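**Student:** This is the structure, below, for whatever I ask next.
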Amino acid sequence: MELRQASDVTDLDGGTPLHRVVPFHGGTEVVPLLRAGILKADVLVDVRKVVPRGVDGTRIGAGTTLAELEVDPRIPEALREACRLAASPQLRNMGSLGGNLLQATRCWYWRLNWPCRLQQTSDGYGEECFAHEGEHREHAIFANDFCASAHPSDVAAALLALGATIVTSARELPLAELYRLPTEHDRRTTTIESGELILQVDVPQVEASVYLKAMERKRWAFPIVGVAAARTGGETRVALAGVAPIPWLLDGSLDDATPLPRNAYKVDVARALVKRAENALRPD
């Protein structure tokens, strides 16, 4: 899990790009994507000495590892639990907070280089979402008309429920604005720009929070459905992982879901987890 924004180094007159440069931190996402030929780079730049690491009040350095966050008592419970459930101990020791937020979809069509709507080929992007007609039991149940991929980050859902803010090398923005749904004219799922690095995450204090997760295995699997909930000022925010192409803030009802024929079960799973999360946050 790492910072995988790419930028081009051009010649002196600003003309033809000479190198495709990819910054990385832990390498747990970049290396597999490079091996699969999905991500291409001429130069890899290690940013571990550039990106802040550690916790300072409500601000967390984007280079802080998931393993460090899961045991820090200053971190809200939802984020600690999301980090703990995100991956194996080895990956949590390497993976950074910023990299986890930028990890790519686990959609098997995309990962296997099928020419789907998110896959860029020499002829441009593909024109089909193969999940619509193919196997899709782990795919999206919200915002899945153009692309049915499901965002895999437990951590992003927790931070979305907590109302976190992102500080990059260029700007400051709410976490929700880091993500965007892909469209015909712009296939990106984040708003991060070429060469932009996530530096810090500001996580406001909340009264209580929780993260619950349903997965194929008891440990260290990507979420079938993840539910983060945070209570502050008498109000509860709920965000979901694994249900849409981006981390999904549940500002409506689960009745608004649009499941595909073989993943409607995810709506029932989400409903059960949301109920459990909301019950857990009720004041005594």
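**Student:** Exactly one of (1) open to solvent by less than 70 Å² (accessible area, probe 1.4 Å); (2) farther than 20 Å from L240 by Cβ; (3) small (G, A, S) is unmet by S122. Its number?
**Tutor:** (1)
**Student:** Helices (runs of 4 or more DSSP H) wholly in segment 22-101 with at least 2 residues that are under 21 Å from S194 (Cα atoms) - which ones?
**Tutor:** Details: elements: 30-36, 66-70, 77-86, 89-94, 97-101.
Output list reads 30-36, 97-101.
**Student:** With the requirement that a residue be assigned to a strand (DSSP E or B), open to solvent by 20 Å² or more (accessible area, probe 1.4 Å) and not polar (S, T, N, Q), what does segment 180-202 give you?
**Tutor:** L199, D202
**Student:** Of the residues E135, E128, which single one is surrounded by fewer than 17 Cβ atoms within 10 Å (Cβ to Cβ) and either in contact (Cβ under 8 Å) with a residue 60 or more places away in the chain or closer than 28 Å to H25 by Cα (or both)?
**Tutor:** Just one listed residue meets the conditions, E135.
**Student:** Scan segment 14-72 for residues that are over 20 Å from L85 (Cα atoms), of a type in the set (D, E, K, R) and either open to solvent by less than 20 Å² (accessible area, probe 1.4 Å) or at pLDDT below 95 (or both) and jot them down.
**Tutor:** Matches in segment 14-72: R20, R35, K40, D42, D46, R48, K49.
**Student:** Among the residues of segment 148-178, what is the count of those that are open to solvent by 20 Å² or more (accessible area, probe 1.4 Å) and outside any helix (DSSP H, G or I)?
**Tutor:** Within segment 148-178, residues that are open to solvent by 20 Å² or more (accessible area, probe 1.4 Å) and outside any helix (DSSP H, G or I) number 8.
The values are calculated or read from the model by the stated rules, or taken from the named source; none is laboratory data. Keep in mind the model is a prediction, meaning the values are calculated, not measured. Virtual Cβ from ideal backbone geometry, glycine too; neighbours counted across all protein chains shown. Just so you know, the surface numbers come from the protein's heavy atoms only, side chains and all, with ligands and any DNA or RNA stripped out. Shrake-Rupley method; radii C 1.70, N 1.55, O 1.52, S 1.80 Å.
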